[in-house]
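Notes follow the structure.
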Amino acid sequence: MDIISNISSLREWRIQVAACGDSVALVPTMGFFHQGHTALMRMARRLADRVVVSLFVNPIQFGPGEDLDLYPRDLDRDRETAAAAGVDILFVPAATAMYPEGPGTLVVAGPLAANLCGRTRPGHFDGVCTVVAKLFNLVQPQVAVFGRKDFQQLAIIRNMVVDLDFPVKIVSHPIVREADGLALSSRNLYLDPEERRQALCLVQGLRRAKTLYNEGERDCVRLRDEVATLIRARPLAAIDYVSLVSRDRLVDMGTADNNTVMVLAVRVGSTRLIDNTILSDEDL
Ligand code: AMP
């Protein structure tokens, strides 16, 4: 595996790959790899001849007071992990390489960014779309792999690809979880042991909603209230949102159906965690 940190070297590599006629898969990440990331890398490995993983803690998707400076980093460990997962190129640009003059032209996320995380993190998805668009232009992948853990991000990227005619296929990977159900996240590192215990309220809430749905409950207010009550019983947990939305347009639902997703954002201590599930899926 090679590490590339400057844009001209990446472009040279891409020209050589094009000359061989090989296909390229891209996995965009912010690093501090866990098994969620490696699952995406292995999926990418199966989908194309060459795999590029970008590792970039993108400053323009963090708001004021968010954890940009604290965000965990461990390049040595990430390098080993990516190499073991069969990655060909780890692209690790500096912020000055990606935004030499500071943020300039931005890609504005469409209407799907109005709800959920877009409400509490204004500008976040514009930062995500901008960096992903840049990565698509730099790496020119035929396929890009994203995790379903960031459900809204995935929907927004799918829309961006259609709206801006990027010639890339978006493939999603299911959420990878700890044995007890907590969705893997680089931010789980922030949790102390008691917060880690209480963080289970997210997956417990999703399971509760699924059980009720399977028993026939379709009223989204009742489903939401049940889950909110369960989460509020944990003193360290504070709800950002508990929502039931349609899986494609992310609009709030009144009556749940097989395409309804429960999406959660919960602060546990000072750590903001997200999780989601399609109510009709048997995945939890
Ligand atoms: P991040 O480094 O957190 O920005 O994540 C990079 C990619 O990995 C995104 O597409 C995420 O959705 C995906 N990802 C992160 N955690 C998980 C997980 N637990 N399961 C599946 N995909 C994940």
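Each residue in the stretch 33-58 was checked for being open to solvent by 40 Å² or more (accessible area, probe 1.4 Å) and either in contact with a helix residue (DSSP H, G or I) (Cβ under 6 Å, 6 or more places away or on another chain) or of a type in the set (Ser, Thr, Tyr) (or both), and 1 of them qualify.
Filtered by the rule that a residue be closer than 21 Å to residue 68 by Cβ and either open to solvent by 60 Å² or more (accessible area, probe 1.4 Å) or over 20 Å from the mean Cα position of the chain (by Cα) (or both), the stretch 183-194 gives 189, 190. Select from the stretch 119-171 the residues that are among the aromatic types (Phe, Trp, Tyr) and more than 18 Å from residue 247 (Cα to Cα) and write down the one among them that is surrounded by the most Cβ atoms within 10 Å (Cβ to Cβ). Among those that are among the aromatic types (Phe, Trp, Tyr) and more than 18 Å from residue 247 (Cα to Cα), it is 136. Check 17, 87, 24 and return the single one that is within 16 Å of the ligand (Cβ to nearest atom), of a type outside the set (S, T, N, Q) and either touching a residue at least 24 places away in the same chain (Cβ under 8 Å) or open to solvent by less than 60 Å² (accessible area, probe 1.4 Å) (or both). Answer to the selection: 87.
Pairs are defined by a Cβ separation below 8 Å, a sequence spacing of at least 6 or placement on different chains, a first member in the stretch 139-154 that is under 14 Å from residue 36 (Cα atoms) and free of Cβ contacts under 8 Å to residues at least 24 places away in the same chain, and a second member that is more than 7 Å from the ligand (Cβ to nearest atom) and in a strand (DSSP E or B); no pair meets this definition.
With respect to residue 202, is the statement that it is open to solvent by 10 Å² or more (accessible area, probe 1.4 Å), out of contact with any helix residue (DSSP H, G or I) (no Cβ under 7 Å at 6 or more places or on another chain) and more than 22 Å from residue 41 (Cβ to Cβ) true? Give the steps one after another, and end with the answer.
Details: open to solvent by 10 Å² or more (accessible area, probe 1.4 Å): no; out of contact with any helix residue (DSSP H, G or I) (no Cβ under 7 Å at 6 or more places or on another chain): yes; more than 22 Å from residue 41 (Cβ to Cβ): yes.
Judged against the criteria, residue 202 is not a match.
On inspection, residue 105 does not qualify as open to solvent by less than 10 Å² (accessible area, probe 1.4 Å) and hydroxyl-bearing (Ser, Thr, Tyr).
On the basis of being open to solvent by less than 40 Å² (accessible area, probe 1.4 Å) and away from the ligand (no atom under 15 Å from the Cβ), does residue 113 make the cut? Yes, satisfied.
The values are calculated or read from the model by the stated rules, or taken from the named source; none is laboratory data. From a predicted model like this one, the values you see are computed outputs, not experimental measurements. Note that we place each Cβ from the backbone using ideal geometry, even for glycine, and neighbour counts take in every protein chain shown. Accessible surface areas use protein heavy atoms only, side chains included; no ligands, DNA or RNA. Shrake-Rupley method; radii C 1.70, N 1.55, O 1.52, S 1.80 Å.
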